[in-house]
1. May I ask for the distance between the Cα centers of the range 296-374 and the range 72-116, given as a whole number of Å?
2. Do you know the relative contact order of the chain, to the nearest whole percent, from alpha carbon pairs under 8 angstrom that are 6+ apart?
3. What are the ³J(HN,Hα) values, in whole Hz, obtained from phi via the Karplus relation 6.51 cos²θ - 1.76 cosθ + 1.60 with θ = phi - 60°, for each residue of the range 228-240 in sequence order, with x given for Gly and Pro?
4. Where in the chain are the DSSP H helices whose C-alpha atoms run 18 Å or more along the long axis and whose mean Kyte hydropathy is at least -0.5?
5. Which of the residue pairs 78/219; 40/229; 78/298; 198/390; 157/229 have a Cα-Cα distance greater than 26 Å in the structure shown?
6. Of the accessible area of the range 299-392, with the probe set at 1.4 angstrom, what percent is carbon plus sulfur?
7. For 321, 243, give the ranking by accessible area with the largest first, probe 1.4 Å.
8. With the radius of gyration and the Kirkwood radius both derived from the Cα set of the range 299-392, what is their ratio Rg to Rh?
Amino acid sequence: MENISNYNDGQATLTGEEYARYGRQMIMPEIGLPGQLALKNSSVLIIGVGGLGCPAAQYITAAGIGTIGLLDGDVVDKNNLHRQVLHSTSKEGMSKAESAKQYLQDLNPNANILTYVEYASPQNLFEIISAYDIVLDCTDNQFTRYLISDVCVWHGKPLISASALQFEGQLCVYNYRNGPCYRCMFPNPTPVVTSCSKSGILGPVVGTMGTMQALETIKLALHMKGINKEPFVPFILLFHTFRFPQWKHIRIRSRQQSCAACGPHKMLTRSFIESSPSEYATLCDAVPKTEKNLNPIKRITPRELANLIRESPSMTFLDVREPVQYGICNLPSFKNVPLSEVYSMNDLSGKVCVICRSGNTSQSAVRTLQELNPGAEIFDVISGLQGWSKDVDPQFPLY
Ligand SMILES: Nc1ncnc2c1ncn2[C@@H]1O[C@H](COP(=O)(O)OP(=O)(O)OP(=O)(O)O)[C@@H](O)[C@H]1O
């Protein structure tokens, strides 16, 4: 047909279906046809397809980002489903990357979605990241956060990172223009004190932060292609659901001269990261002395505990979980003494058995109690209440 209409931009094109699909966002002057084409020609890697990665992936796929990589070695677990909204009950046990791809491909068949069913590591990440324009850190552990940032610095890729715990979240865009990298902000790893699995997380909170990552991704994709012309100023965004104001936007320092990853005297080269695993690990994780490194303590199995409860009902049984967890489910012989209160217990004698959810906190409690009560015989239960549910009472709820 004679070319009497003008509806595309040079060689890059959108199909009629794409005009219809993205029309509501294309009519905004900040986006328009050039913006939609910029999104289509962008590629984004999402590392971690959990509480943050699911909403982030959902919105960037819906918005028309052309190529999306999903990297996660984990499988869908029932306790993910209250917040990881791309996965569903029928997908329990399935790879998270594959589960998300199924959902996303149905949401937007135009997207080119690639999956990597593996964990990001110093050995695979340089190769994977090289193919993408923008990287999203949606993981939940310090080692991976440093690794992703270091690899992004090496490739010169911008990184949109977020985290969430309980009712709070934060977001930062790293390594873009003169902005800092994760190591500029956090030069030294800290001993990790808590996590979602220990302290809890509310779905809408992590969902909000993942959605904000999607929003920053769209803005950044437009910025990188010259459509969004706002000056980029490094910032950190803080969110707290129960405080006012709920949102705080704080300007942050630019790149640090002293940074080991992006400063002028950087030492974190690709070959160092790939081939010095133990030295590199010490720069990414302040591993607290693990219980394994310490002198062994006496421990019993859940089945031995069942016998003890029957044979010695009058001995002291302590459950060192937080009261809210004790309220969810407990063994009636056990008195609730949260870990923070253990430090003032110096009047114990005889046999004392300590339990927690999975057998980690109870070991710390036993060490403290042993020091405070040298005359008592104190021990804990291997794998805690999870072990009790597995080996003694399958009806006992796992959470
Ligand atoms: N090195 C890594 N490479 C890729 N994905 C990772 C890596 N480390 C963590 N992840 C993924 O990041 C996601 C984080 O999700 P989220 O914080 O919602 O918790 P979870 O690990 O799924 O569940 P929970 O913490 O309750 O056990 C997980 O899917 C996890 O597998």
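The values are calculated or read from the model by the stated rules, or taken from the named source; none is laboratory data. For clarity, every value in this text was computed on a predicted model and none was experimentally measured. Every residue, glycine among them, receives a Cβ derived from its backbone with ideal geometry; neighbour counts consider all protein chains shown. Note: areas computed on protein heavy atoms with side chains; ligands, DNA, RNA excluded. Shrake-Rupley method; radii C 1.70, N 1.55, O 1.52, S 1.80 Å.
1. If we compute the Cα centre of each part, the gap is 39 Å.
2. 12 percent
3. Result, ordered by residue: 7, 9, 5, x, 8, 10, x, 8, 10, 10, 10, 10, 9 Hz.
4. In the chain, the long hydrophobic H runs are 142-155, 203-224.
5. The answer is 78/219; 78/298.
6. That fraction is 49 percent.
7. 243, 321
8. Here the Rg-to-Rh quotient is 0.93.
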